[in-house]
Amino acid sequence: MKNNAWMLPEGIDEAGPEQARAIEILRRQCIDRMQRWGYQLIMPPMVEFTESLLTGAGAELELQTLKVIDQLSGRLMGIRADMTPQAARLDARSGQGINRLSYCGSTLQARPARPGDSRAPIQIGAELFGYSGLDADLEVIQLLLELLTELETGELTLDVGHVALFAEVVAQVDPSEQHLLEQALASKDETLLKQCSLTTGAMNQAQTLLACQGSVECLVDLKKAFPNQTDVFEACERIAQVTDGQVNLHFDFAEGRGASYHTGLVFSLYADNEATPIARGGRYDSDGSDFGTPRPATGFSADLRLWQGYMPKQTRPQPISAPVIQDVELAELIKTLRAQGEVIQFDLDGSAPCSRRLVKLNHQWTIENA
């Protein structure tokens, strides 16, 4: 056997018994809670033909998607890098009314999103389709915060933006300079910004985006620079009211993340003293149009592996060993104990390292400390 036969590809993780148990406990808790909010669980396939997988919001994932040839059809298939586009496709089948969907499953990315990130996140998320009002965005934010209530994340910071302000500035520059402007805004680089050919009014708006970020007070100057975006600022003030006391709220409208498919509010959630978000979300209306059914949509997604790191330490019952013999009373007792949550394992070779064991004393099976 080769010495490196045990090695995994870079960015590909595995979970041993303890980590896998913790992830599964967290997955069940989150799925159950989302279902109590009315979000139905879906299980999209791990692979799809690229025509559907890389449509709509999925078009952004072209470089992140690993592709293989289907040996049955000869067509190109992609291994999903994100489950959100799959949820949009499933929703487009119904195409009417409000539809709440949740999901949790493995994904695979050709490259890590950032150096050191996993390429195989266990993605968990929720999507709300069919309602374009702010109440839908508020609902998914509140659901996200509730899922994290039992984790030890410390103080949470909700970073909120809106693509309308970013798009208004970008629309005022020549298409040949749009990438440069986007880069300047995203990196908060005023020197780079001055290299863009902007009118005085557009430059003032761009500089305001760079300078005005932080708490709800930053909206005052933004309102002056963007007088046509009253709906945006009203939405932001409403978010501040609804989340007051739950998270630290931070506004940043210079970030153009996903501006090619996001159509409204966007947000990222950060744990205490962490630079990497533990969840992202936002509005992406009309994504289903590529499947024949334009639908307003909003939602969030996260990596369950990342959340697992914030779980409080789990206590688990110490296993109990049982002899391998044919005994009706023993079999019934084992069945009862397992139903009560006890871990019973058969002592196949007499060396089970259990601190408790089932023994027969005075014609009755009982648990004895080893």
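The values are calculated or read from the model by the stated rules, or taken from the named source; none is laboratory data. Computed from a predicted structure; not experimentally measured. Cβ coordinates were reconstructed from backbone atoms using ideal geometry, including for glycine residues, and neighbour counts include every protein chain displayed. Each accessible area value is taken on the protein alone, full model and side chains, heavy atoms only, with ligands, DNA and RNA left out. Shrake-Rupley method; radii C 1.70, N 1.55, O 1.52, S 1.80 Å.
Tell me which residues, restricted to segment 220-260, are more than 25 Å from the chain's Cα centre (by Cα) and more than 21 Å from Gln142 (Cβ to Cβ).
Val220, Asp221, Leu222, Lys223, Lys224, Ala225, Phe226, Pro227, Asn228, Gln229, Thr230
Could you look through segment 40-72, keep only residues that are β-branched (Val, Ile, Thr) and either free of Cβ contacts under 8 Å to residues at least 12 places away in the same chain or under 21 Å from Asp91 (Cβ atoms) (or both), and pick out the one that is surrounded by the fewest Cβ atoms within 10 Å (Cβ to Cβ)?
In this case the residue turns out to be Ile69.
Counting only residues that are farther than 26 Å from Leu138 by Cα and under 15 Å from the mean Cα position of the chain (by Cα), how many does segment 19-52 have?
Total satisfying the criteria: 1.
Would you mind finding the one in Ala339, Ala297, Ala331 that is within 30 Å of Glu14 (Cα to Cα), at pLDDT 90 or above and of a type in the set (A, V, I, L, M)?
Ala339
Test of understanding: among Glu152, Glu127, Glu190, Glu217, which residue is charged (D, E, K, R) and open to solvent by less than 60 Å² (accessible area, probe 1.4 Å)?
Testing whether each residue is charged (D, E, K, R) and open to solvent by less than 60 Å² (accessible area, probe 1.4 Å) leaves just Glu127.
Quick one: count up the residues across segment 57-79 that are in contact with a Phe, Trp or Tyr (Cβ under 7 Å, 6 or more places away or on another chain), outside any loop (DSSP other than H, G, I, E, B) and of a type outside the set (A, V, I, L, M, F, W, C).
1
Going through Asp82, Asp32, Asp91 one at a time, which residue ends up being open to solvent by 30 Å² or more (accessible area, probe 1.4 Å), of a type outside the set (Lys, Arg) and assigned to a helix (DSSP H, G or I)?
Asp32
Here is a list of conditions, (1) open to solvent by less than 50 Å² (accessible area, probe 1.4 Å); (2) among the hydroxyl-bearing types (Ser, Thr, Tyr); (3) more than 20 Å from the chain's Cα centre (by Cα), and Thr315 meets all of them except one; can you say which number that is?
Among (1) open to solvent by less than 50 Å² (accessible area, probe 1.4 Å); (2) among the hydroxyl-bearing types (Ser, Thr, Tyr); (3) more than 20 Å from the chain's Cα centre (by Cα), the lone unmet condition for Thr315 is (1).
Looking at segment 95-114, which of its residues are surrounded by fewer than 18 Cβ atoms within 10 Å (Cβ to Cβ) and either at pLDDT 90 or above or under 15 Å from Tyr39 (Cα atoms) (or both)?
The answer is Gly97, Ile98, Ser106, Ala110.
List the pairs whose first member sits in segment 190-213 and is touching a residue at least 24 places away in the same chain (Cβ under 8 Å), whose second member is in a helix (DSSP H, G or I) and open to solvent by 80 Å² or more (accessible area, probe 1.4 Å), and whose Cβ atoms are under 7 Å apart, counting only residues at least 6 apart or on separate chains?
Listed pairs, sorted by first residue: Leu210/Glu190.
Pick out, from segment 273-370, the strands (runs of 3 or more DSSP E) lying fully within it that include 3 or more residues that are within 30 Å of Ile239 (Cα to Cα) and without any contact (Cβ under 8 Å) to a residue 40 or more places away in the chain.
In segment 273-370, no matching strands (runs of 3 or more DSSP E) lie anywhere.
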